[in-house]
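Structure in structure tokens, see below.
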Amino acid sequence: MSKFLVLALATAVLAVLAYETYEVAAARNVTKEKFAKYEAETANGTKGPSVLSQERQDILVKVQDPRFWSHSGVDWSYPLSTTVTQSVVKKLYFEDFRPGFGKIKQTLIAYFAVAPLSSKNAQLAAFLDVNGFEALSAKWFGKPLQSLSDEEFLSLIATNNTPKIAPGSKENGERVARIKKYLAGKCERRGLSDVWLDQCAAS
């Protein structure tokens with residue numbers, strides 16, 4: 001490899017690092033503002049989102065991001081998967097998220113900005129808001145999120161924001177069944193990457 005090529009590669013790497021450092025610094029500057037209403041809703045992180053009971057909060061976390069309470073925005077055991085924190089970053093910090101460098105930026109902001117500058121409960125409140133749980137509850141069930149039955153709540157989680165898995169569909173029913181098995185301890189997931197709980201499919 002020529003010295004010129006090595007120098008070009010090194011320059012490119014340094015440029016990417018400089019850009020990502022700038023992006024993280026910019027994200028840190030606005031994080032307090034972006035999470036202000038969620039911190040207020042959760043009394044500065046001392047209580048969970050107002051629209052969820054403790055039981056439903058536990059269910060949501062176990063299905064969406066089981067290591068949520070212990071990781072720092074990123075689950076390094078499964079770095080290509082998306083945590084609750086990263087999901088919030090994707091909606092609050094991007095106008096047009098694209099994989100590749102977008103994933104790197106998402107991961108860095110989650111780890112260096114959102115995790116250290118916002119509470120876990122505020123992150124959960126933000127997750128519900130930016131993913132439209134309240135709007136989807138009204139759309140599919142005609143009532144507020146707080147008024148859903150246990151079965152309806154599981155059905156809402158099972159959609160994973162995917163239209164073809166809407167409540168009432170065969171796919172939704174199958175995933176609800178997998179979630180129930182998983183919550184009952186009758187099966188385990190293959191890490192955070194097992195989004196659809198394939199390990200819990202009916203045998």
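If you take the residues of region 171-196 that are under 19 Å from the mean Cα position of the chain (by Cα) and in a loop (DSSP other than H, G, I, E, B), which of them is surrounded by the fewest Cβ atoms within 10 Å (Cβ to Cβ)?
190
Please pick out the residue among 109, 157 that is modelled with pLDDT of 90 or more, out of contact with any Ser or Thr (no Cβ under 6 Å at 6 or more places or on another chain) and closer than 20 Å to residue 45 by Cβ.
Exactly one residue qualifies, and that residue is 109.
Restricting to region 18-36, name every residue that is more than 14 Å from residue 114 (Cα to Cα) and without any contact (Cβ under 8 Å) to a residue 60 or more places away in the chain.
Once the filter is applied, which keeps residues that are more than 14 Å from residue 114 (Cα to Cα) and without any contact (Cβ under 8 Å) to a residue 60 or more places away in the chain, region 18-36 yields 18, 19, 21, 22.
Another question, if that's okay. Which members of region 37-74 meet the condition of being at positive phi and free of Cβ contacts under 8 Å to residues at least 60 places away in the same chain?
43, 73
Shifting gears a bit: Does residue 161 satisfy being closer than 30 Å to residue 26 by Cβ and either surrounded by fewer than 16 Cβ atoms within 10 Å (Cβ to Cβ) or small (Gly, Ala, Ser) (or both)?
Here the answer is yes, as residue 161 does meet what is asked.
Is it the case that residue 52 is under 24 Å from residue 144 (Cβ atoms), out of contact with any Gly (no Cβ under 6 Å at 6 or more places or on another chain) and open to solvent by less than 10 Å² (accessible area, probe 1.4 Å)?
Judged against the criteria, residue 52 is not a match.
The values are calculated or read from the model by the stated rules, or taken from the named source; none is laboratory data. Please read all numbers here as calculations on a predicted model, not as lab measurements. Cβ atoms come from the backbone with ideal geometry, glycine included; neighbour counts cover every protein chain shown. Just the protein is used for accessible areas: all its heavy atoms, side chains included, with ligands, DNA and RNA removed. Shrake-Rupley method; radii C 1.70, N 1.55, O 1.52, S 1.80 Å.
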